[in-house]
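S.K.: Before we start, here is the structure in question, set down as structure tokens.
What follows draws every value from the coordinates through simple rules; no lab data is involved. As the structure is a computational prediction, the values presented were derived from the model and not from experiment. Cβ: placed from backbone, ideal geometry, glycine included. Neighbour counts: every protein chain shown.
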Amino acid sequence: MIGAAPLSGELTRQLVNVLPEVSVFQAYGLTETACAITLGSTDKKIGTLGSAGHILPGIVARIIKADGTFGRHGEQGELVVQTPATALCYSNDERA
């Protein structure tokens with residue numbers, strides 16, 4: 001599992017060549033969520049290149065556009081997530 005930064009397709013292929021016995025897939029999470037919020041497919045040798053996987057059960061994720069409306073697939077905006085483990089300490093804290 002690769003996290004912390006996106007892994008390019010080329011680097012993924014190199015990693016599989018060096019470590020042929022492992023599966024390589026991406027995950028995505030935030031410090032504030034205390035765990036991953038997405039996980040790539042674990043049933044393939046190489047996960048979908050350029051994808052951080054699917055949203056895990058129990059997690060709500062939305063894209064909020066600059067105008068405050070919900071984004072659709074392919075639109076840019078802020079990723080907002082809610083999980084049972086999301087830290088609340090940054091809420092309404094201008095210093096954060």
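S.K.: Going highest first, how would you order 11-22, 48-59, 33-44 by mean Cβ packing within 10 Å?
M.R.: 33-44, 48-59, 11-22
S.K.: How big is the Cα convex hull of the chain in projection, averaged over all directions, in nm²?
M.R.: 7.8 nm²
S.K.: Taking Cα atoms, how many degrees apart are the long axis of helix 9-18 and the longest axis of the chain, rounded to 10 and kept between 0 and 90?
M.R.: 40 degrees
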